[in-house]
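What follows is a set of notes on a single structure, which appears directly below.
The values are calculated or read from the model by the stated rules, or taken from the named source; none is laboratory data. From a predicted model like this one, the values you see are computed outputs, not experimental measurements. When we count neighbours, we look across all protein chains shown, and the Cβ atoms used for this are built from the backbone with ideal geometry, even at glycine. Only protein heavy atoms, including side chains, enter the accessible area calculation; ligands, DNA and RNA are left aside. Shrake-Rupley method; radii C 1.70, N 1.55, O 1.52, S 1.80 Å.
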Amino acid sequence: MINRKTQREIELMRCAGNIAAKARSLAGGLVKVGATTQSINKAVHDFIKSQDAIPAFLGYRDYPASICISVNDEVIHGLPSGRKLLRGDVVSIDIGVKKDGLIGDCAATFIAGDGDKDAENLIKITRECFFEALKYARAGNRVSDISRAVQNHAETNGYSVVREYVGHGVGKKVHEAPEVPNFIERPRKKADPRLMPGMTLAIEPMINAGDAEIRVLDDGWTVITADGKNSAHYENTILITENEPEILTLCEDMP
Ligand code: MF3
Ligand code: CO
């Protein structure tokens, strides 16, 4: 069942989303050569708490940190650690914030120091995949219209789309119905719901520079590319309306 949010819930999601977006910008500013990934986790954790909000990932399915921070070949769910960032590292940061019972979920990818052209392009195209998808995030369209837009933009640019992890509904819980894949399944096995006003979705392209295939490390969390090539991630929580979609994980100076 796909729930549609009330006006009150939407207002609370704007607030949670704004804190998540600010946390993402803060985190991006801390992606520097020599910074440890756990120092970024701590700064984000402290910021979220300072806003009287809760890091929504901490403890979710026993996840042990407040952010996911995934470097280079790590796709998503990277665990903060003592790892020091090196010049050119491609750093994806994913943040969930719960405020007054509702959640904002967003991510972006940053480069430590100067990156090479390939890394910059991967990050740019991944971000564009989200904004291409956003054009189709309208009442009357279907989830697959979002999926197709992401996949087309990624593959047209020579990249591939992760299959095992998908975007999702979001609200009182981090993951709600529907699933929002970044690819079209052929032949289609699952329902392809129609988008309706009041639905809140996390659209999150996870784009690999090489092949789509992934593996999960023995830590049980970290997802890496099978071919060792870089991956990038970009995500916002959005609201389907009668007209244009609204980005709920919004603040000034968005990545
Ligand atoms: N950021 C993931 C998503 O957007 C959720 C992270 S789950 C956690 O779907 F367990 F890692 F926290
Ligand atoms: Co998400």
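Here are the numbers:
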item	result
Karplus 3J(HN,Hα) series, Hz, for the stretch 131-148 with 6.51 cos²θ - 1.76 cosθ + 1.60 (x for Gly, Pro)	6, 4, 4, 4, 4, 9, 7, 9, 3, x, 6, 10, 3, 5, 5, 5, 4, 5
Probe 1.4 Å, protein heavy atoms only - accessible area per residue of the stretch 102-255 in square angstrom	44 Å²
Solvent exposure ordering (accessible area, 1.4 Å, most first) of Met196, Met1	Met1, Met196
Surface accessible to a 1.4 Å probe, per residue, for the residues of the stretch 1-87, Å²	48 Å²
Calculated from backbone phi, Karplus (6.51, -1.76, 1.60) coupling profile of the stretch 120-129 in Hz, x at Gly/Pro	4, 5, 4, 5, 4, 5, 4, 5, 4, 4
Accessible surface of the chain, 1.4 Å probe, proportion on carbon and sulfur as whole %	49 percent
Relative contact order (%) - criterion: Cα under 8 Å, at least six apart; region: the stretch 35-130	24 percent
Protection-proxy order for peptides 129-135, 72-78, each taking the mean of Cβ atoms within 10 Å per residue, highest first	72-78, 129-135
The stretch 67-80 - phi-based ³J(HN,Hα) in whole Hz, Karplus 6.51/-1.76/1.60, Gly and Pro as x	10, 9, 9, 10, 9, 6, 6, 6, 8, 8, 6, x, 8, x
Of Thr222, Gln7, Gly171, farthest towards positive along the dipole that unit charges on Lys, Arg, Asp, Glu beta carbons give the chain	Gln7
Normalised contact order of the chain, rounded percent, pairs of Cα under 8 Å and 6 or more residues apart	24 percent
Amide H partners (placed H, <5 Å) of Thr249, local residues excluded	Thr237
